[in-house]
Amino acid sequence: MALIVQKYGGTSVGSPERIQNVAKRVARWHGQGHQVVVVVSAMSGETNRLIALAKQLQDQPDPRELDVVISTGEQVTIGLLAMALKEVGLKARSYTGSQVRIVTDSAFTKARILKIDEQLLRADLDEGTVVVVAGFQGVDESGNITTLGRGGSDTTGVALAAALKADECQIYTDVDGVYTTDPRIVPEARRLSSITFEEMLELASLGSKVLQTRSVEFAGKYKVRLRVLSSFEDEGEGTLITFEEDRKMEQAIISGIAFSRDEAKITILGVPDRPGIAYQILGPVGDANVDVDMIVQNVGHDGLTDFSFTVHRNDYQKTLKTLEPVIKHIQARGIVSGDKIAKVSVVGVGMRSHAGIASTAFRTLAEEGINIEMISTSEIKISIVIDEKYTELAVRVLHKAFHLEQPV
Ligand code: ADP
Ligand code: ASP
Ligand code: MG
């Protein structure tokens, strides 16, 4: 007998029929003698609908109240799934994040899980009940409802699997695993039967929304066995996230390509080239709670230099506002900025031992006439900022250039 946590995303619980299908799948696992915890998202489109509703009342919705509103989508699906489970003859009970006591910090709309009281769930599981938990939501120490950031139900699933020391956490979604890139953009993309935890973390944090980044971090920290599967197919092994030492198969040099359109770029022109200037610019940006991603500072001329960096598109206006007084203070010449950019990233642990990956990527983009605006690299990834309108083209040609459609 194993303890399995299954997480079903929005499309997988998008209608009463689909919820019934989830119930049947859960019943199969339960029938094989396993204990099952199910985490569900809101029905697809529901969280967006709730956010839009909030924005009709406040341009920038109050974060505490926004969490009260957007956490409701998951409360609906836990109740519905528990009903469907009872209909197929199982004992089932639904719980909100606050009832389970998924305790988070108080960073509304992007809260982090601090602890989970798993005793309650264990008691249910031991008496053969299927436990259905609302994804995406928690409660802070003062009892306020919090949410975990978009896509956060993945993190609820993995965190519960860690707390319960589950044998496996299964993420059921609308694709049958993790692909070499988003199969909606590149139909030739190939499903990976396994991917290393490190690569998955890079892909997720660079924009592959198939798993929320924090869920992968959690899986790494607590060594949760994590698998991505389709909720629309009965067969299939999906993609297993492995820890590198387990990986016996022949290693591909490049595992995948991620992209993100959630970026904005800011360049401060004619910055005095002297010690402390990066701090004078980025200090206030950090104080405004904005994460800076790529940073480029050019060689100075005549005592002046240009300083560029990228931020999340949601933080773009806030960053520009924060910089207004800074530009005056440091007597920079001006600022140019834009949010019509995208970041495309090539990821693979094989890069560590292979040269020439970057030059292949640059040549491929050059051949398509795509201008590279910024580059950043780490041991296992190359990220390139380009004009947003070339995103899909860039992903397609890079996928081809690295032969990702071909099995290793
Ligand atoms: P859910 O609602 O089940 O959480 P998501 O929409 O959050 O589903 O994630 C699944 C989607 O992730 C897929 O439909 C696919 O378009 C997208 N995706 C992006 N990159 C990848 C990738 N490398 N492999 C698989 N799916 C990807
Ligand atoms: N319903 C939430 C969202 O749409 C959480 C999730 O689906 O994982 O972001
Ligand atoms: Mg998701």
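The values are calculated or read from the model by the stated rules, or taken from the named source; none is laboratory data. In this text the structure is predicted, and so the values were computed from the model without any measurement. Don't worry about glycine lacking a Cβ; one is built from the backbone with ideal geometry, like all the others, and counts go over all protein chains shown.
Being within 21 Å of MET294 (Cα to Cα) and modelled with pLDDT under 95 is true for just one of ALA394, ALA342, ALA358. Which residue is that? Break it down stepwise before answering.
On the way: ALA394 fails: modelled with pLDDT under 95; ALA342 fails: modelled with pLDDT under 95.
Checking each option against the conditions leaves just ALA358.
When you go through VAL224, VAL216 one by one, which is the residue that is away from ligand 3 (no atom under 16 Å from the Cβ) and among the aliphatic types (A, V, I, L, M)?
Answer to the selection: VAL224.
So SER215 passes all but one of these: (1) over 20 Å from MET294 (Cβ atoms); (2) without any contact (Cβ under 8 Å) to a residue 24 or more places away in the chain. Which condition number does it fail?
(2)
What are the pairs with Cβ atoms under 7 angstrom where one residue, in the stretch 346-358, is part of a helix (DSSP H, G or I) and the other, located anywhere, is surrounded by 10 or more Cβ atoms within 10 Å (Cβ to Cβ) and hydroxyl-bearing (Ser, Thr, Tyr)? Sequence gap at least six, or different chains.
Cβ pairs passing all conditions: VAL349/THR196; ALA358/THR377.
Quick check, is LEU201 closer than 29 Å to THR109 by Cβ and modelled with pLDDT of 95 or more?
In short, yes.
If I ask for residues that are touching a residue at least 60 places away in the same chain (Cβ under 8 Å) and either near ligand 3 (Cβ under 10 Å from one of its atoms) or assigned to a loop (DSSP other than H, G, I, E, B) (or both), which ones from the stretch 198-210 would you list?
Listed by number, the residues that qualify are LEU206, GLY207.
Condition first: part of a strand (DSSP E or B), within 16 Å of ligand 3 (Cβ to nearest atom) and in contact (Cβ under 8 Å) with a residue 12 or more places away in the chain. Can you find one or more residues in the stretch 283-306 that meet it?
no
Give the residues of the stretch 302-341 that are crowded, with 19+ Cβ neighbours inside 10 Å and of a type in the set (A, V, I, L, M), sorted by residue number.
Matches in the stretch 302-341: VAL311, LEU323, ALA332, ILE341.
Among the residues of the stretch 128-152 satisfying the criterion of being within 16 Å of ligand 3 (Cβ to nearest atom) and out of contact with any strand residue (DSSP E or B) (no Cβ under 6 Å at 6 or more places or on another chain), which is nearest to GLN99 (Cα to Cα)?
In this case the residue turns out to be ALA134.
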